[in-house]
Amino acid sequence: MTRKNVLDWAFEIYQDLDFGAARAWLDASPGRKAAGYLPVYAPREIIRAAGMLPVGIHGGGERLEIIKGDAFYQSYICHLPRSVVELAESRRLAFLSAMLFPATCDVIRNLSGVWQLLYPQIYVRYLDLPQVPEPEIAASFWREELETLTRDLGEVSGTPATTESLREAIAAFNEARALVRELYRARREAPWRLPTEELYVLMRAGEVVPLEEFIEKMRAYLAATESEPGRVLDRARVVVVGAFCEQPPLGLVKTIERAGCFIVDDDFLLGNRMIEGDIPLDGDPLDNLARAFTRHAVKTSTLYEGDPEGKHRLLREKVAVARADGIIFAAASFCDPALLDRPMLRAGAEKAGIPCIAFQFAENTGQFQQFREQAGTFADSIKLWGGA
Amino acid sequence: MADEEKDRSMELQKEMLAEHFRRLEAAPETGEPVVYTFVPGNLTELVRSFGALPVLPEINALQSAMRGKSQAYIAAAEKAGHSEDVCSYVKCDIGMSKAGNIGPTGTRLPKPDLLLLSYTGCFTFMKWFELLREEYHCPTVFLQIPYQGDGTETPAQRAYVARQIRETLIPALEKATGRRYDEEKLRESLALSAAAEDDLVAVLQSAKKTPSPIDAYFGAVYYVGPIFSAFRGTPEGAAYYRTLRQEVEQRAARGEGPATPAGRLDRQKYRLVVEGPPNWTHFREFWRMFAEEGAVVVASTYSKVGGTYDFGFRHDPADPLGTLADYCSGCYTNLNLPSRVAMIEAYVKQYNADGFLIHSVKSCNSFSAGQLPILREVERRTGVPGAFIESDLVDARYFSAANLKNRLESYFQMLEARRAGAAAV
């Protein structure tokens, strides 16, 4: 399979607002069911263990015309919930039997209530992620939540999860996460081989297809980047921070890279690598899932930082690992977690002498000239003078 | 007579607040420990049982706005890199801190000995105290209150909160104050809370009468002040609510309405239920827009943000930690949207409301996200017409008096026309 084959496949899925790939999986066998989840993190292992297809709902991007969604949200609320409601009101999400709303922010939390009001026939669950810094207390609470979710999804699917099916699901997601890590590592090493616009659509496709298919495509893409390495280019290496929930339009990702930057780390679609490392397969699977999250979740704006120095250190560490030259803070407009975190993160980075720029986007932003100029100037300043 | 009685409760509250801020100012000298925490999910009885004085940043922000100080604080925070898009309470508080932490009453607020991050019904709280921690460099203790996503507090959620209080919060308070946990003292305080809660509920439910002796939104802001801030579980708090209840009952017996910026509102043309917090930068001007039209608010959700008592909850001295968990869980913004709709529906019906109004604020997604579907659902269930107006908490840039007045007048005209139509049938 060539790079082009993989990318054509991924791009078609990325573009498809009717979730044809997920619907095809459902149609392939009677009785199959799917569960949607909003950003950032949902324990997809439990969905899979209940025999269901996990489907990431990341909004409609710039491709969806909002007709009804604006009637649900005021102008000062981010764009994501209105496009998600638009998808639902246009029956594009009618194939989902369940919807999970993680504790990302108050907008996503309240969207769970909107779903309860609008679609009472759908199973809706707010995933109240553990936030307390004491891992044992957090894990004990989260395990209870996972147990409830496991039981409920079993009832929705008619195929209750077993210890074996949970272990199988954990193993499958371990494999997927390892490949995602490998792709991110490869991009850090040679970003000209894995342009982020390609990596992004591949990751995005992985949100809506069966895991086996995603794993196969990641393997093929990784192999293609070895056999088709591309031309070595010298650009400013940047970390992009703040787009962990509402996703940037693909045009923005392309604009950043075409303006003279290589994105060498980002938090797009962060849920697919929220847990660092493999989750153990021995012992109680729910315990393992709970402990993995409370001990090995990546640090991000949606989770409480117990270490007073943590926010200041976070981007210094990310930049060091990625060998980046600078940071682009790219948050969705009205995104509370990203925008409230930014002063702390930026202060830590700038104290360490790391150049930073910041801008805001919406998933349906269609004009990129301003971003091109900002990113281009930023890249030039890094390359010409070693800093912004 | 009526004015003297009204004045007594207001005077009491003024004296209580003045004394509280005086003690706060003197805290660095007297050694009284200081704990910053939030209104929803505040554990005042517990904090005070350690001899600590609570500081509520939202109260400081709203009082700064009422005194015309918030805009400069917000500007200072935005200059320091805070986005225009985020909560103006946070920016007001950060700006106040950077300006020397002079509180709204003009006295200096002490630095906290402990930040008690009661994570109840608002995501922004978490970021707020992460930011404040950078200003004060003091210990922070995190208390997670699970959201009532399914409309109830489950036994596991209750146990989770009680465990956190027992295993992390109490040790943190012991360390910050140098005092041991005294459960008996906490029980005594909780009993005082329950008595005050009885009186507060009687006050709020007096609005079922016609005319209503209270305004349950603008007026209730003053009524809930002591119980939402530093005085729940204190003798002076309990005394305040006894006095307030007597005043309101006497006012009701005389058939009088509440005092408003437009005078006493005896002739009440419209009875409204209001959802959402008020605007604080133009509080009296906003209230006047209602009062001049003869509109009285008979029930509001904002007056439940620091505790929902009118559906039966009372602090229970027999189960100190469990009852604190129940209290936190039941705060209004910790309820899911169907529960909020059910509450508003109950208010519209029980308080015989003519209309239902949402005041949506730019700053607060915990309230604002989902209010439009709430509006439609409440209208569907009650048949009572709703209206939607927008401004902000403490950022005056988002308060457009002409626009609000225009929308309110149109709404009242519609209610009038509807009433006339119903009479004609």
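Brief remarks follow.
- Residues that are assigned to a loop (DSSP other than H, G, I, E, B), facing another protein chain (nearest Cβ under 8 Å) and touching a residue at least 60 places away in the same chain (Cβ under 8 Å) were ranked within the range A:105-130; the one that is nearest to the chain's Cα centre (by Cα) is A:CYS105.
- Matching residues, the range B:334-382, being at the interface with chain A (Cβ under 8 Å from one of its Cβ atoms) and more than 15 Å from B:VAL274 (Cβ to Cβ): B:ASN336, B:LEU337, B:PRO338, B:LYS362, B:ASN365, B:SER366, B:ALA369, B:GLY370, B:LEU372, B:PRO373, B:GLU377
- Top-ranked residue in the range A:294-311 [being surrounded by fewer than 20 Cβ atoms within 10 Å (Cβ to Cβ) and over 17 Å from A:LEU127 (Cβ atoms); ranked as farthest from the other protein chains (Cβ to nearest Cβ)]: A:HIS296
- Residue match in the range B:370-385 (condition: assigned to a helix (DSSP H, G or I) and under 21 Å from A:LEU340 (Cα atoms)): no
- Boolean, A:LYS318 is among the charged types (D, E, K, R) and within 13 Å of chain B (Cβ to nearest Cβ): no
- Subset of the range B:127-168 that is free of Cβ contacts under 8 Å to residues at least 12 places away in the same chain and of a type outside the set (Gly, Ala, Ser) - its residue that is farthest from the other protein chains (Cβ to nearest Cβ): B:THR152
- Close Cβ contacts (under 8 Å, 6 or more residues apart or on different chains) running from residues in the range B:83-98 that are within 12 Å of another protein chain (Cβ to nearest Cβ) and without any contact (Cβ under 8 Å) to a residue 60 or more places away in the chain to residues that are assigned to a helix (DSSP H, G or I) and of a type in the set (Lys, Arg) comprise B:SER83/A:ARG342; B:VAL90/B:LYS127.
- Taking the criterion of being farther than 29 Å from A:TYR76 by Cα, surrounded by fewer than 21 Cβ atoms within 10 Å (Cβ to Cβ) and aliphatic (A, V, I, L, M), the only residue of the range B:80-133 that qualifies is B:ILE102.
- Among the conditions (1) of a type in the set (S, T, N, Q); (2) within 30 Å of A:ALA28 (Cα to Cα); (3) at the interface with chain B (Cβ under 8 Å from one of its Cβ atoms), the only one that A:SER83 does not satisfy is (3).
- Top-ranked residue in the range B:382-398 [being more than 21 Å from A:TYR73 (Cβ to Cβ) and in contact with a Ser or Thr (Cβ under 7 Å, 6 or more places away or on another chain); ranked as surrounded by the fewest Cβ atoms within 10 Å (Cβ to Cβ)]: B:ALA396
- Among (1) away from chain A (no Cβ under 14 Å); (2) in contact (Cβ under 8 Å) with a residue 60 or more places away in the chain - the single one B:ASP199 does not satisfy: (2)
- So A:VAL55, is it more than 30 Å from B:VAL161 (Cβ to Cβ), touching a Gly at 6+ places or on another chain (Cβ under 6 Å), within 13 Å of chain B (Cβ to nearest Cβ) and of a type in the set (A, V, I, L, M, F, W, C): no
- Flag if B:TYR309 is among the hydroxyl-bearing types (Ser, Thr, Tyr), in contact (Cβ under 8 Å) with a residue 60 or more places away in the chain, part of a helix (DSSP H, G or I) and closer than 20 Å to B:TYR241 by Cβ: no
- Considering the range B:135-226, the qualifying helices (runs of 4 or more DSSP H), each wholly inside and each with 3 or more residues that are touching a helix residue (DSSP H, G or I) at 6+ places or on another chain (Cβ under 8 Å), crowded, with 18+ Cβ neighbours inside 10 Å and aliphatic (A, V, I, L, M), run over B:183-205.
- The set of residues in the range B:399-415 being in a helix (DSSP H, G or I) and in contact (Cβ under 8 Å) with a residue 40 or more places away in the chain consists of B:ALA401, B:LEU404, B:LYS405, B:LEU408, B:GLU409, B:TYR411, B:PHE412, B:LEU415.
- Only a single criterion out of (1) under 30 Å from A:LYS254 (Cα atoms); (2) of a type in the set (Gly, Ala, Ser); (3) touching an Asp or Glu at 6+ places or on another chain (Cβ under 9 Å); (4) crowded, with 17+ Cβ neighbours inside 10 Å is not satisfied by A:ALA172, namely (1).
- Filter pass, A:ALA338 being crowded, with 21+ Cβ neighbours inside 10 Å, in contact with a Phe, Trp or Tyr (Cβ under 6 Å, 6 or more places away or on another chain), within 14 Å of chain B (Cβ to nearest Cβ) and part of a helix (DSSP H, G or I): no
- Check on A:ALA331, in contact with a strand residue (DSSP E or B) (Cβ under 9 Å, 6 or more places away or on another chain), within 9 Å of another protein chain (Cβ to nearest Cβ) and closer than 24 Å to A:GLN374 by Cβ: yes
- Close contacts from the range A:346-365, counting a first residue that is within 14 Å of chain B (Cβ to nearest Cβ) and outside any strand (DSSP E or B) and a second that is surrounded by fewer than 19 Cβ atoms within 10 Å (Cβ to Cβ) and of a type in the set (Lys, Arg), with Cβ to Cβ under 8 Å and a gap of 6+ residues or different chains, come to A:GLY348/A:ARG313; A:GLY348/A:ARG316; A:ALA349/A:ARG316.
- Once the range A:191-216 is narrowed to residues that are free of Cβ contacts under 8 Å to residues at least 40 places away in the same chain and hydrophobic (A, V, I, L, M, F, W, C), the residue that is nearest to A:LEU96 (Cα to Cα) is A:PHE214.
None of the figures in this text is laboratory data; all of them are computed from the coordinates on show. Predicted model, so just to flag it, every value in this text is computed and none were measured. Note that we place each Cβ from the backbone using ideal geometry, even for glycine, and neighbour counts take in every protein chain shown.
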